[in-house]
């Protein structure tokens with residue numbers, strides 16, 4: 001069914017699927033508001049059905065919930081109130097789900113993560129075959145899907161072994177965020193930690209206010225060539241530099257210890273340099289340009305390398321996502337099942 | 001102050017590579033050796049990698065000197081920097097006897113102490129020093145490379161020591177020759193404090209005159 005929707009609506013599967021746009025394209029009213037422990041609500045109706053999503057959830061989770069509720073709509077299901085969709089993804093848990101929930105869940109996975117799109121994402125990120133949970137996390141951020149669902153779908157589409165996918169899916173995303181950002185993890189773990197490296201040069205990043213960017217770039221301290229920022233958006237703040245502070249991502253510490261064990265007197269080794277930047281919680285919507293060059297600051301020589309990111313700041317979604325003229329809510333208003 | 005800068009070969013720039021050991025050892029050999037031509041930094045890394053196989057440009061001074069002792073040291077004209085990269089193997093010209101010279105006697109100092117290094121300079125020896133790099137201390141926003149103990153050390157660096165304060169001088173510093181071009185520091189040289197040496201010194205090797 002998901003592939004039929006892709007085909008019918010001519011959805012471009014070379015980039016992340018715009019699930020919110022699809023919902024609106026199908027004439028379904030889409031709205032966001034606080035929902036407590038509820039992730040999504042589907043309300044069938046005439047002339048328009050409605051989908052309500054929790055406005056406090058991370059965008060990745062909202063998108064997955066949207067895919068799930070869209071599944072209810074596509075399959076012609078009755079009204080549904082859905083709790084914590086990721087909980088259903090724990091192995092075995094969804095075995096006990098009713099059939100219509102399984103259908104909606106499978107639809108969400110295949111609609112947002114068809115095999116072709118997963119491969120495009122892996123190639124785009126320079127990952128190839130995922131080898132660790134950080135690869136899955138990076139892919140999930142690119143796809144705009146939840147980490148756990150992405151790990152599961154990699155196994156369903158036979159891009160990774162089931163055993164590995166189970167192992168990765170069992171890791172709470174908050175643990176990955178802590179490993180990537182260490183003590184620089186966002187205060188609110190609903191925010192994402194974007195792990196960016198050389199592979200993301202010139203790539204767009206869709207961040208939200210409060211998200212943190214962990215930028216890791218290769219540098220050889222003993223060369224005198226160092227990364228310096230030439231353009232930092234006013235609504236982004238540099239929180240830490242691993243060359244200056246004791247802070248370092250957990251994964252980088254592991255790599256450094258392996259290198260040091262080889263010969264503790266080696267001089268001239270490469271040491272990854274990581275920066276943490278925060279998108280201001282009060283950031284305005286827009287696209288910001290982040291740029292660095294690697295050079296010896298005391299010379300006029302051309303930089304040996306450069307790095308650029310386009311950071312697109314998207315505001316949290318609140319309220320109804322259609323114009324007033326298009327609004328036709330069923331009796332009882334939004335939020336009723 | 002013992003200052004032997006005028007006896008040194010020109011300051012070079014290693015570029016964006018981790019070849020500091022190659023330049024520090026070559027600088028020491030230029031100084032202590034009898035050849036007119038500068039020694040090859042690329043050959044130093046290659047020789048170190050014969051002794052300790054690996055992939056990167058980063059090598060220890062111990063591995064480099066041990067490798068050169070076995071393979072001798074080619075001249076820069078015979079093996080220009082980066083042409084070819086050491087990982088492609090020693091070029092024919094660098095392997096020719098006429099283009100190689102033996103490394104003078106060298107030894108590892110028991111500890112990279114200020115006194116031990118100064119004593120070696122007083123004996124007319126070159127000292128290749130390996131230190132931990134505190135990033136900001138080497139950005140040369142100050143006159144002397146200095147840092148409090150316990151700072152972050154993202155990597156290690158090798159330099160050639162060409163001078164030292166004499167006994168009784170109030171400011172206790174070493175003078176080091178770097179390989180970051182003449183635009184860095186004072187014409188490519190800088191002073192390094194005794195405190196920095198004691199906090200971040202890793203090892204030191206002495207090369208005698210041939």
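The values are calculated or read from the model by the stated rules, or taken from the named source; none is laboratory data. Remember, predicted model here, so these are calculated numbers, not experimental data. Every residue, glycine among them, receives a Cβ derived from its backbone with ideal geometry; neighbour counts consider all protein chains shown.
In table form, for the structure just shown:
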| read-out | value |
| --- | --- |
| Test: residue in the range B:132-146 that is buried (at least 24 other Cβ atoms within 10 Å of the Cβ), touching a helix residue (DSSP H, G or I) at 6+ places or on another chain (Cβ under 7 Å) and not in a strand (DSSP E or B) | yes |
| Only listed residue being under 29 Å from residue B:68 (Cα atoms), outside any strand (DSSP E or B) and in contact with a strand residue (DSSP E or B) (Cβ under 7 Å, 6 or more places away or on another chain), chosen from B:121, B:160, B:191, B:129 | B:121 |
| Test: residue B:209 is over 26 Å from residue A:244 (Cβ atoms) and assigned to a loop (DSSP other than H, G, I, E, B) | yes |
| Test set (1) within 26 Å of residue A:299 (Cβ to Cβ); (2) surrounded by 24 or more Cβ atoms within 10 Å (Cβ to Cβ); (3) away from chain A (no Cβ under 11 Å) - residue B:31 fails condition number | (2) |
| Given (1) part of a helix (DSSP H, G or I); (2) surrounded by 24 or more Cβ atoms within 10 Å (Cβ to Cβ); (3) in contact with a strand residue (DSSP E or B) (Cβ under 8 Å, 6 or more places away or on another chain), index of the condition residue A:63 fails | (3) |
| Yes/no for residue B:43 being crowded, with 19+ Cβ neighbours inside 10 Å and away from chain A (no Cβ under 14 Å) | yes |
| Lone unmet requirement of (1) more than 22 Å from residue A:112 (Cβ to Cβ); (2) in a helix (DSSP H, G or I); (3) in contact with a helix residue (DSSP H, G or I) (Cβ under 7 Å, 6 or more places away or on another chain); (4) without any contact (Cβ under 8 Å) to a residue 60 or more places away in the chain for residue A:163 | (3) |
| Out of A:139, A:217, A:196, A:213, sole residue that is in contact with a helix residue (DSSP H, G or I) (Cβ under 7 Å, 6 or more places away or on another chain), crowded, with 22+ Cβ neighbours inside 10 Å and under 23 Å from residue A:274 (Cβ atoms) | A:139 |
| Candidate set: the range A:310-326, residues that are within 22 Å of the chain's Cα centre (by Cα) and assigned to a loop (DSSP other than H, G, I, E, B); chosen: the one modelled with the lowest pLDDT | A:321 |
| Residue identified as modelled with pLDDT of 95 or more and more than 17 Å from the chain's Cα centre (by Cα) among B:105, B:149, B:154 | B:149 |
| Options A:88, A:121, A:126; residue that is modelled with pLDDT under 90, outside the structural domain of residue A:15 (by TED's automatic domain parsing) and touching a helix residue (DSSP H, G or I) at 6+ places or on another chain (Cβ under 9 Å) | A:126 |
| Residue B:17 being closer than 28 Å to residue A:301 by Cβ, more than 14 Å from the chain's Cα centre (by Cα) and assigned to a helix (DSSP H, G or I) | no |
| Residue match in the range A:256-267 (condition: part of a loop (DSSP other than H, G, I, E, B), within 14 Å of chain B (Cβ to nearest Cβ) and modelled with pLDDT of 90 or more) | yes |
| Selected residue (criterion: modelled with the lowest pLDDT) from residues of the range A:22-60 that are touching a strand residue (DSSP E or B) at 6+ places or on another chain (Cβ under 7 Å) and in a helix (DSSP H, G or I) | A:24 |
| Any hit, the range B:36-48, residues being farther than 20 Å from residue B:17 by Cα and within 18 Å of the chain's Cα centre (by Cα) | yes |
| Residues that are within 13 Å of residue B:80 (Cα to Cα) and touching a helix residue (DSSP H, G or I) at 6+ places or on another chain (Cβ under 8 Å), drawn from the range B:34-56 | B:38, B:39, B:40, B:41, B:42, B:43, B:44, B:45, B:46 |
| Of all residues making up the range B:158-192, the number that are over 16 Å from residue B:119 (Cα atoms) and surrounded by fewer than 20 Cβ atoms within 10 Å (Cβ to Cβ) | 7 |
| Residue B:111 vs. criteria modelled with pLDDT under 95 and not in a helix (DSSP H, G or I) | yes |
| Residue B:65 in contact with a strand residue (DSSP E or B) (Cβ under 6 Å, 6 or more places away or on another chain) and within 21 Å of residue B:178 (Cβ to Cβ) | yes |
| Qualifying position, being free of Cβ contacts under 8 Å to residues at least 12 places away in the same chain and under 22 Å from residue B:57 (Cβ atoms), among B:132, B:183 | B:183 |
| Selection within the range B:162-196 - touching a helix residue (DSSP H, G or I) at 6+ places or on another chain (Cβ under 6 Å) and more than 14 Å from every other protein chain (Cβ to nearest Cβ) | B:162, B:164, B:172, B:194 |
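Residues checked against (1) within 14 Å of chain B (Cβ to nearest Cβ); (2) outside any loop (DSSP other than H, G, I, E, B); (3) within 30 Å of residue A:24 (Cβ to Cβ); (4) at pLDDT below 90:
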{"site": "A:270", "(1), (2), (3), (4)": "yes, no, no, no"}
{"site": "A:282", "(1), (2), (3), (4)": "no, no, yes, yes"}
{"site": "A:287", "(1), (2), (3), (4)": "no, yes, yes, yes"}
{"site": "A:298", "(1), (2), (3), (4)": "yes, no, no, no"}
{"site": "A:303", "(1), (2), (3), (4)": "yes, no, no, no"}
{"site": "A:308", "(1), (2), (3), (4)": "no, yes, no, no"}
{"site": "A:328", "(1), (2), (3), (4)": "no, no, yes, yes"}
{"site": "A:333", "(1), (2), (3), (4)": "no, no, yes, yes"}
